[in-house]
Amino acid sequence: MLNLILLGAPGAGKGTQADLLSREYSVPKISTGDILRREMAENTPLGCSIRNKINAGQLVSDEDVTKLVELRLSRPDCGNGFILDGFPRTIAQAEALEEILKAAGREITKVIEIVVPDDVIVSRMSGRRVCSECGATYHDKYNAPDTEGKCDRCGGPLRIREDDRADIVSERLRVYHEQTAPLSAYYSRKGLLCRIDGMEELQDTYANVKAAIEAKK
Ligand SMILES: [Zn+2]
């Protein structure tokens, strides 16, 4: 049984690690954004209620998010466990999650935080370029186009996505640290937290993540 929480800043490579783990351990990767989109697309009562709130300009509450996760975790594909990506974000959500799992006779088995220094994330993300015409992606350092500023595939002009601008990335990192520091401390006190260096090659990081998961508590 793998009941895993993955923490990691935007751009730290958490999504890729989650995908690899999901395949290897046959457990679903669960993100609240995905569940919410599905509930809204299927027009479930909870999906509709949340949509109404969003349309009225309200934030989605801790309670709603927790309810979404509770519903999702009760689905049969979570029988072997799950990987939570982007939840919990607050201590209140972490405590609610514990209650949900306890009621189902389960508990979190591990919390893994992928750690990459902020300046590295900023430089990784600010080097990204996307083709305005076909959507192909490039990177200044790791995957540069043959002609600067031009798409190899269609010749379209390359641009920086709004989300990848250095100032926006820095702001998202600030918010991330503000939210995550208390959570790391919370899970560290429970002896569940394992911090993994995300600066290594993808496969090496993955090997370390797996070793952490399979290590005895
Ligand atoms: Zn293109």
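The values are calculated or read from the model by the stated rules, or taken from the named source; none is laboratory data. Model, not experiment: these values are computed from the prediction. No Cβ is skipped: glycine too gets one built from the backbone with ideal geometry, and neighbour counts run over all protein chains shown. All accessible areas refer to the heavy atoms of the entire protein, side chains included, with ligands and DNA or RNA removed. Shrake-Rupley method; radii C 1.70, N 1.55, O 1.52, S 1.80 Å.
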Among GluC sites (Glu not before Pro) in the stretch 75-138, those in a DSSP loop whose Cβ has at most 15 other Cβ atoms within 10 Å are Glu107, Glu133
In angstroms, what radius of gyration and Dmax does the stretch 94-143 have, counting Cα atoms only?
-> 19.6, 51
Cα centroid of the stretch 64-105 to Cα centroid of the stretch 136-200, whole Å = 26
Counting only protein heavy atoms and using a 1.4 Å probe, what share of the accessible area of the stretch 134-199 belongs to carbon plus sulfur, as a whole percent?
-> 48
Over the alpha-carbon set of the stretch 145-217, work out the extent along each principal axis and list the three values in angstrom, largest first.
-> 53, 28, 15
Full-stretch length increase - Ser184, Asn55 - with 0.36 nm per residue and alpha-carbon distance subtracted | 43.2 nm
Given a cut-off of 17 Å, what percent of all Cα-Cα pairs of the stretch 64-106 lie beyond it?
-> 22
Env charge @ Ala136, Cβ radius under 13 Å, K,R +1 / D,E -1, value +3
Taking Cα atoms only, Rg over Rh for the stretch 1-107 with Rh from the Kirkwood formula is 0.96
Calculated P(r) of the chain - Cα pairs past 30 Å, % | 32
Please calculate how many Å² of accessible area the chain carries per residue, with a 1.4 Å probe and no DNA, RNA or ligand atoms counted.
-> 54
Can you give the calculated 222 nm mean residue ellipticity of the chain, where each DSSP H run of n ≥ 4 adds -39,500 (n - 2.57) and the sum is split over every residue, rounded to the nearest 500 deg cm²/dmol?
-> -15000 deg cm²/dmol
Cβ-defined net charge surrounding Val116, 14 Å radius [Lys, Arg +1; Asp, Glu -1] | -3
Under-5 Å amide H pairs with Arg129, H placed in peptide plane, nonlocal only | Tyr138, His139, Asp140
Jot down the radius of gyration and Dmax of the stretch 92-217, Cα atoms only, both in angstrom.
-> 19.4, 58
